[in-house]
Each structure stands twice: as structure tokens, then as C-alpha cells.
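Read the structure below first, then the notes.
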Ligand code: PLP
Ligand code: CA
């Protein structure tokens with residue numbers, strides 16, 4: 001007997017799901033690729049969905065790349081995806097500032113990668129910090145004073161493999177001392193596939209560091225935020241009930257879809273195992289689950 005409320009995707013239910021959905025929102029890592037390795041059967045599946053007239057959107061919490069850099073990654077894996085179809089948490093951070101009319105004369109301090117700096121620039125904002133501050137060190141001696149830019153009006157925190165005490169002090173001072181300075185987190189994922197073979201600490205740990213020093217909670221712009229879902233809805237004007245969110249993580253992807261009333265499909269090709277899904281302590285149940293997205297292709301063409 002099944003220990004979960006959700007249905008395994010099957011020959012019987014896949015047709016109905018496809019017929020009733022106009023857009024598929026795909027999470028990337030664990031669904032399309034794992035690290036830098038393409039997951040089996042992905043190109044055929046995406047092609048089939050496109051041929052059926054489905055709108056495809058790719059939503060990744062990984063903030064290390066810009067939309068353009070992500071589009072290159074898709075192309076290098078043999079999948080044709082345009083920049084406009086990609087919604088990375090780096091882009092979401094820039095769009096949050098844009099939508100909320102952040103003054104372009106103010107600066108944005110970045111604890112994170114080049115992807116965030118690039119998206120800020122494309123949106124007309126000045127990002128400082130980021131990779132440039134990766135090699136900076138602090139002087140912890142008597143009579144030294146750490147200076148920070150008073151014109152910083154927002155701090156954006158994402159995955160940062162080069163996080164250091166300099167960046168922590170810089171971001172903390174901006175949030176604590178610059179009046180009205182906002183604290184944005186690209187995402188709070190516990191882990192990320194920084195390499196193909198292992199999981200690594202995700203942006204959640206960098207965000208937690210700044211929460212700890214400022215005693216403030218961030219505005220999260222990636223999955224499962226309502227900001228990103230509302231942004232997508234305005235962009236595509238498709239009712240959420242006609243969208244299906246496909247992802248491998250329960251507390252980001254499935255929650256993101258569920259909160260908005262989207263259909264949801266969990267794939268077991270990433271961080272969630274069937275035993276985690278069925279564990280009594282798990283309260284996030286997708287509508288459907290399957291091993292990997294190529295099952296959609298196989299079940300339709302059985
Ligand atoms: N954050 C980091 C640093 C990652 O490396 C990854 C996956 O590789 C993610 C987040 C999750 O990305 P996605 O939302 O595409 O699963
Ligand atoms: Ca994922």
C-alpha cells in the first residue's frame with residue numbers, strides 16, 4: 001500500500017495532466033541536469049512538450065549564473081532554451097529591486113557571485129562586492145575602523161564560495177547602519193550541487209550568517225517566494241491552475257507551486273527520495289511524483 005497521498009505518474013493520468021496544463025515550470029538542478037551532467041531523456045521530453053504547444057519556463061534557485069550564462073549552459077548540454085525562458089534567483093533579485101522602484105543612484109552590496117552582479121547591471125543597478133571582495137581581508141587590531149559605503153540601500157545574499165569575514169562585516173554594517181537598507185536573499189536552499197558527485201552548503205548558510213549578525217529576516221526572491229510566482233504570472237498571464245511546477249525539492253519547488261495553486265510533479269532524480277516523500281514527518285505532498293521527466297515522454301509514447 002502507498003504511504004503517500006500523491007499519485008505516481010502513469011499511462012492513465014499523464015494524458016489528463018498534459019491536456020489540462022498550458023505551461024510547465026521546470027526546476028533545473030535535479031530535473032534537467034545534476035551539476036553539469038544532463039539527466040537522461042530530457043531533450044526529447046522538452047521537445048515533445050513544445051510540439052504540443054506547451055509554454056516552458058525554467059526556474060532555478062542557483063544564483064551563481066545570470067540568465068544568459070544559464071542559457072549557455074542549456075545550449076552546451078544540447079537543449080535550445082532562450083534567456084527569456086529562464087528565471088534564476090539572480091534575475092529575481094534584480095527584478096525585485098526594479099518592481100519595488102529601488103533608486104538606481106543607491107548601490108547594492110552583493111555577497112554572492114557574478115550572476116547577481118550581471119543581472120543587477122542589466123536592470124540598471126550598481127552592484128558592489130561579489131567576487132571582487134573574495135580576496136579581501138580584515139584588520140582586527142586596535143584603532144582600526146572598518147569603513148562601508150553609506151549609499152548602499154540593499155544587500156543581496158546568494159551562494160558565495162568565497163564568503164569571508166570582510167564580506168560578512170560589510171553586509172552586516174550596511175543592513176544595521178544604512179537607514180532603510182533592505183536585506184534580500186536569492187534563496188535559502190540548504191544544499192546545492194556545486195559539483196556532480198556531492199552536495200555542498202547552499203545559499204541558506206550564507207543567508208543564515210547575515211541573519212545571525214543582523215538579527216533580521218531577509219526578503220526571499222527565489223523559490224518558494226510569492227514574489228517570483230507573481231512575477232511569472234504577470235509575465236505569462238496563464239492561470240496558476242493551468243501551470244505545472246516540476247521539481248526535485250519539496251520545500252522550494254513543490255511548495256512554490258502549491259502555494260499558488262499550480263499542479264505539482266515531484267521527480268525523484270534529484271535530492272528527494274521516495275522514502276523522504278513517504279516519511280510521516282514530511283507534510284509537503286505533490287499532486288504527482290515520478291522518477292524523472294523523461295517518464296512523461298515514455299508514458300505518452302508507451
Ligand atoms: N543553489 C546552488 C548553489 C546550487 O548549486 C543549486 C543546484 O545546483 C541550487 C541552488 C538549486 O538549483 P535548482 O533550483 O535549479 O535546483
Ligand atoms: Ca532542484
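The values are calculated or read from the model by the stated rules, or taken from the named source; none is laboratory data. Since we're looking at a predicted model, the values are computed, not measured. We place every Cβ from the backbone using ideal geometry, glycine too, and count neighbours over all the protein chains shown.
Miscellaneous remarks
- Scanning the range 113-129 for residues that are within 17 Å of residue 182 (Cα to Cα) and assigned to a helix (DSSP H, G or I) returns 116, 117, 120.
- For the range 17-34, taking the residues that are closer than 18 Å to residue 88 by Cβ and either free of Cβ contacts under 8 Å to residues at least 24 places away in the same chain or in a loop (DSSP other than H, G, I, E, B) (or both), the one that is farthest from ligand 2 (Cβ to nearest atom) is identified as 32.
- Remark: pairs (first residue in the range 54-73, under 19 Å from residue 158 (Cα atoms) and near ligand 1 (Cβ under 10 Å from one of its atoms); second residue in a strand (DSSP E or B) and at pLDDT below 95; Cβ separation under 9 Å; 6+ apart in sequence or on different chains) = 61/192; 62/192; 64/192.
- Residue 246, sole failed condition from (1) within 11 Å of ligand 2 (Cβ to nearest atom); (2) part of a helix (DSSP H, G or I); (3) over 30 Å from residue 170 (Cβ atoms): (2)
- Restricting 226, 276 to those that are more than 16 Å from ligand 1 (Cβ to nearest atom) and more than 17 Å from residue 54 (Cβ to Cβ) reduces the list to 226.
- Considering only residues in the range 35-68 that are buried (at least 19 other Cβ atoms within 10 Å of the Cβ) and more than 12 Å from the chain's Cα centre (by Cα), the one that is farthest from ligand 2 (Cβ to nearest atom) turns out to be 49.
- Residues of the range 22-56 classified as touching a helix residue (DSSP H, G or I) at 6+ places or on another chain (Cβ under 6 Å) and under 13 Å from residue 300 (Cβ atoms), total: 4
- Whichever residue in the range 279-290 is within 20 Å of residue 10 (Cβ to Cβ) and more than 16 Å from ligand 1 (Cβ to nearest atom) and, among such residues, is surrounded by the fewest Cβ atoms within 10 Å (Cβ to Cβ): 285
- Meets criteria (part of a helix (DSSP H, G or I), free of Cβ contacts under 8 Å to residues at least 60 places away in the same chain and under 25 Å from the mean Cα position of the chain (by Cα)) for residue 110: no
- Residue in the range 80-89 that is assigned to a loop (DSSP other than H, G, I, E, B), modelled with pLDDT of 95 or more and in contact with a helix residue (DSSP H, G or I) (Cβ under 7 Å, 6 or more places away or on another chain) present: yes
- Look at the range 239-260: where a residue is farther than 15 Å from residue 187 by Cα and without any contact (Cβ under 8 Å) to a residue 40 or more places away in the chain, no partner that is in a loop (DSSP other than H, G, I, E, B) and within 10 Å of ligand 2 (Cβ to nearest atom) sits 6+ places away or on another chain with Cβ atoms under 7 Å.
- Among (1) assigned to a helix (DSSP H, G or I); (2) over 20 Å from residue 249 (Cβ atoms); (3) in contact (Cβ under 8 Å) with a residue 40 or more places away in the chain - the single one residue 103 does not satisfy: (1)
- Residue satisfying all of: in the range 27-53; modelled with pLDDT of 95 or more and within 9 Å of ligand 1 (Cβ to nearest atom); nearest to residue 252 (Cα to Cα) among these: 27
- Within the range 172-199, if we keep just the residues that are assigned to a strand (DSSP E or B) and modelled with pLDDT of 95 or more, the residue that is nearest to ligand 2 (Cβ to nearest atom) turns out to be 185.
- Any chance residue 160 is in contact (Cβ under 8 Å) with a residue 40 or more places away in the chain, outside any helix (DSSP H, G or I) and out of contact with any helix residue (DSSP H, G or I) (no Cβ under 7 Å at 6 or more places or on another chain): no
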